[in-house]
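Undergrad: Have a look at the structure that comes next, please.
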Amino acid sequence: MGGVCSRKRGNQVNEEGVRVGVNRRYCKNGSSKWLLGTPFFRTTSGCQPEGVSCPTLMELCIHKICQDIDKYISFSVLPRDISQQIFDELVRSHCLNDVSLEAFRECALEDICLGDYPGVNDSWIDAISSQGSSLLSVDLSGSDVTDSGLALLKSCSNLQALAFNYCDHISESGLRHLSGLANLSSLSFKRSDAVTADSMRAFSSLVNLHELDLERCSGIHGGFAHLKGLKKLKTLNIRYCKCITDSDMEALSEFTNLRELQVSCSSITDAGVAYLKGLQNLILLNLEGCQLSASCLDSISALVALSYLNLSRCGLSDHGFDKLSGLQNLKVLNLAFNNITDACLIHLKGLSNLETLNLDSCRIGDDGLANLAGLLLLKNLELSDTEVRSTGLRFLSGLLNLESINLSFTLVTDSGLKKLSGLSSLKSLNLDARQITDVGLAALTSLTGLSHLDLFGAQITDSGTQYLRCFKNLQSLEICGGGLTDAGVKNIKDLTSLTLLNLSQNCSLTDKTLELLSGLTALVSLNVSNSRITNGGLQHLKPLKNMRSLTLESCKVTATEIRKLQSTALPNLVSFRPE
Amino acid sequence: MTKEETVKLISSEGFEFVIDKKAAMVSQLLRNMLSSPGSFTETADGVVNFPDISTTILEKICQYFYWSLQFSSGKETEFHIEPELTLELMMAANYLDT
């Protein structure tokens, strides 16, 4: 059952997500992948024909090559952009190995993105480095590459971007091989023991470095002293580096070009933040999880260019928030999980450019919300686990740009929901609260633009599901309050945009439900755990070719039968339960 | 079939392929040539020379054009490509933007 009921996952702010809009990439082809970590959902289509659109001859040829890759000895006669397309498709389809890689020797490829690709080790690097001065970006994250592999990349003098995240076989002394790559503008060594205060000297000659990512490196305390010459550094990520202390912030105070600084979950205090006062170009500051107090807000108030500020889980109280009222450029403010009350919100009243405000689990009530009524640009408002009640929602009814509201685990009741009915921009609404019923849902039928609706714990019955018919654009829906039967699912079967559907905990649902859902061919994730579904019902899922995740815990369903379904009908199914 | 509705594609060896203009328009390059009057002499004559494309490859490309028309009208068959032609075919496809 585990995952079925845990609700608070994924509520943490995703810095990458928030940074959309800040223009980041300068390299040409698909190098952004390594910024996003390992994507759970890979894009599938590639050069496979999709729908009625006809594959180009180029796509057909590339597909053909991937099928018989071992027949090709060399692609070097091809123009570089064509061999790059073949290479990328081989990687995407997991058909590349150390042997087929040899065909790409001296093909003048620009991008070698093999992050998290299985089997990559030093034997691959010779062919990679044979791309020579053409090579612009290399991602070998998660590989077994060692120092000697790294040494081979020295000759690729035009390299602009390198990523060696989670490469456990690179040592401190390996980093010296990078010191000649003066064109590097982006360098990423997440969770690396190789990067230490001492070995960071190797970076001191990388004067064109714009972007440095040392997230989860545990030995870098003191290393920034060697990097004083990196005047172009704009983006620095040292999240989850417990070793980082206030003295490191003193070293960073020289990087006056910094635009983005992420120091969350480090050991810095108010004194450390004080060193950052001079970083007048800073647009993004992430201090999540650092133990701070009121005096840090005074320092932050000097950073007038800030448009993104994350202070969640910093142990802050209301004290000092008057200082933030001058940060007129703020668009995103995260104050979740702090000890703040309505008294703090008074100081946010004038932040008229705010688009996203996160107050998750703060001691906020209806009176505080009055201060938000004038924040007309607000798009995303997170009020989960606060003391907000129905009466407070009237302050939100004029925020016509609101696209997303989270009211889960608040004290809001049915009677308050009509205050939201005029928010026509709303796309995402979370009403995961036990006291919400069919009556509340009836008040929301005007929100026809909704694409995400979470009624996880709400008491929705079959009669309430009729209102769901108004939400034709719904992509995700969760109703897990226990009140649904197959009859209610009839009102869900025509919501053909749905990609995620969670109907778990509705114990009366039978195989009939799966039959009703068989037309929802866009579904990627389905959960009907804790129901009366049997192996016999699985056949109805065959048309759901896009399904990647299927959860049927505590049903009369066996893993063997799901596996059969997977092998015969659901090729995209990567995660299922029971397993 | 009138002359205006067809185009003549000539390979490097001088072999001529007369195909429907509609089929030729599958190629973005030929579409541009044939639908911008006055800009290319090819438009007036309905003749396009490919000094860098061999007869074998040009034939395969013409086959693709017709296959593509069929595919778009709902007849989804497989288009066979001989492995020994792929590399040359790709270079031509790249040039023809198809």
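The values are calculated or read from the model by the stated rules, or taken from the named source; none is laboratory data. Since we're looking at a predicted model, the values are computed, not measured. As a convention, Cβ positions derive from the backbone with ideal geometry for all residues, glycine included, and neighbour counts pool all protein chains shown.
Undergrad: Please identify the pairs in which a residue from segment B:48-59 that is without any contact (Cβ under 8 Å) to a residue 40 or more places away in the chain has its Cβ atom under 6 Å from the Cβ atom of a residue that is polar (S, T, N, Q), counting only partners at least 6 apart or on another chain.
TA: Qualifying pairs under 6 Å: B:P51/B:S12.
Undergrad: Sort out which residues of segment B:45-78 are among the hydroxyl-bearing types (S, T, Y), modelled with pLDDT of 95 or more and outside any helix (DSSP H, G or I), and write them in order of number.
TA: B:S54
Undergrad: Does any residue in segment A:207-225 that is at positive phi and among the β-branched types (V, I, T) come within less than 7 Å, Cβ to Cβ, of a residue that is modelled with pLDDT of 95 or more and assigned to a loop (DSSP other than H, G, I, E, B) six or more places away or on a different chain, and which pairs are these?
TA: none
Undergrad: Among A:I238, A:I244, A:I220, which is hydrophobic (A, V, I, L, M, F, W, C), in contact with a Ser or Thr (Cβ under 8 Å, 6 or more places away or on another chain) and within 19 Å of A:Y308 (Cα to Cα)?
TA: Criteria check complete, one pass: A:I238.
Undergrad: Let me ask something else. Looking at (1) more than 24 Å from A:K331 (Cα to Cα); (2) over 24 Å from the mean Cα position of the chain (by Cα); (3) surrounded by fewer than 20 Cβ atoms within 10 Å (Cβ to Cβ), which one does A:K242 not meet, given that it meets all the others?
TA: (2)
Undergrad: If I go through segment A:539-577 residue by residue, how many of them are more than 25 Å from the chain's Cα centre (by Cα) and closer than 17 Å to A:C507 by Cα?
TA: 6
Undergrad: Which condition does A:I170 not pass, out of (1) under 26 Å from A:N257 (Cβ atoms); (2) more than 27 Å from the chain's Cα centre (by Cα); (3) surrounded by 21 or more Cβ atoms within 10 Å (Cβ to Cβ), if it passes all the others?
TA: Going through (1) under 26 Å from A:N257 (Cβ atoms); (2) more than 27 Å from the chain's Cα centre (by Cα); (3) surrounded by 21 or more Cβ atoms within 10 Å (Cβ to Cβ) one by one, A:I170 breaks only (1).
Undergrad: Shifting gears a bit: So which residues in segment B:57-81 are more than 9 Å from chain A (Cβ to nearest Cβ) and of a type in the set (D, E)?
TA: Scanning segment B:57-81 gives B:E59, B:E78.
Undergrad: Here's another thing I want to ask about it. Tell me which of these A:P118 doesn't satisfy, since it passes every other one: (1) under 30 Å from the mean Cα position of the chain (by Cα); (2) within 10 Å of chain B (Cβ to nearest Cβ); (3) surrounded by fewer than 15 Cβ atoms within 10 Å (Cβ to Cβ).
TA: Condition not satisfied by A:P118: (2).
Undergrad: Given (1) under 16 Å from B:E13 (Cβ atoms); (2) at the interface with another protein chain (Cβ under 10 Å from one of its Cβ atoms); (3) within 11 Å of the chain's Cα centre (by Cα), where does B:E88 come up short, assuming only one miss?
TA: (3)
Undergrad: Within segment A:378-390, can one find any residue that is part of a helix (DSSP H, G or I) and at pLDDT 95 or above? Outline the logic, then answer.
TA: Just the residues of segment A:378-390 that are part of a helix (DSSP H, G or I), to begin with: A:390.
If we keep only those that are at pLDDT 95 or above too, we end up with A:390.
Yes: one or more hits.
Undergrad: Go through segment A:309-331 and give me each residue that's polar (S, T, N, Q), closer than 25 Å to A:R259 by Cβ and assigned to a loop (DSSP other than H, G, I, E, B).
TA: So in segment A:309-331, the residues polar (S, T, N, Q) come out as A:310, A:312, A:317, A:325, A:328-329.
Now restrict to residues that are closer than 25 Å to A:R259 by Cβ: A:310, A:312, A:325, A:328-329.
Result: A:S312, A:Q328, A:N329.
Undergrad: Within the bounds of segment A:505-515, is there any residue that is of a type outside the set (D, E, K, R) and under 25 Å from the mean Cα position of the chain (by Cα)?
TA: Scanning segment A:505-515 turns up no residue that is of a type outside the set (D, E, K, R) and under 25 Å from the mean Cα position of the chain (by Cα).
Undergrad: For segment B:18-33, indicate whether the set of residues that are touching a residue at least 40 places away in the same chain (Cβ under 8 Å), more than 14 Å from chain A (Cβ to nearest Cβ), within 15 Å of B:T6 (Cα to Cα) and not charged (D, E, K, R) is non-empty.
TA: Yes; the residues of segment B:18-33 include at least one that is touching a residue at least 40 places away in the same chain (Cβ under 8 Å), more than 14 Å from chain A (Cβ to nearest Cβ), within 15 Å of B:T6 (Cα to Cα) and not charged (D, E, K, R).
Undergrad: Where in segment A:482-579 are the strands (runs of 3 or more DSSP E), entirely inside, with at least 2 residues that are buried (at least 18 other Cβ atoms within 10 Å of the Cβ) and of a type in the set (A, V, I, L, M, F, W, C)?
TA: Where strands (runs of 3 or more DSSP E) fall fully within segment A:482-579, none carries at least 2 residues being buried (at least 18 other Cβ atoms within 10 Å of the Cβ) and of a type in the set (A, V, I, L, M, F, W, C).
Undergrad: Criterion first (surrounded by fewer than 22 Cβ atoms within 10 Å (Cβ to Cβ) and within 28 Å of A:L324 (Cα to Cα)) does A:T196 satisfy it?
TA: Working: surrounded by fewer than 22 Cβ atoms within 10 Å (Cβ to Cβ): yes; within 28 Å of A:L324 (Cα to Cα): no.
Taking the combined requirement at face value, the residue does not satisfy it.
Undergrad: Here's a follow-up. For segment A:464-481, which residues satisfy the criterion of being not basic (K, R) and not in a helix (DSSP H, G or I)?
TA: Within segment A:464-481, A:F471, A:N473, A:L474, A:Q475, A:S476, A:L477, A:E478, A:I479, A:C480, A:G481 meet the criteria.
Undergrad: Hey, among A:L175, A:L153, A:L181, A:L159, which residue is in contact (Cβ under 8 Å) with a residue 12 or more places away in the chain, more than 20 Å from A:L109 (Cβ to Cβ), out of contact with any Asp or Glu (no Cβ under 8 Å at 6 or more places or on another chain) and crowded, with 20+ Cβ neighbours inside 10 Å?
TA: Of A:L175, A:L153, A:L181, A:L159, the one residue that is in contact (Cβ under 8 Å) with a residue 12 or more places away in the chain, more than 20 Å from A:L109 (Cβ to Cβ), out of contact with any Asp or Glu (no Cβ under 8 Å at 6 or more places or on another chain) and crowded, with 20+ Cβ neighbours inside 10 Å is A:L175.
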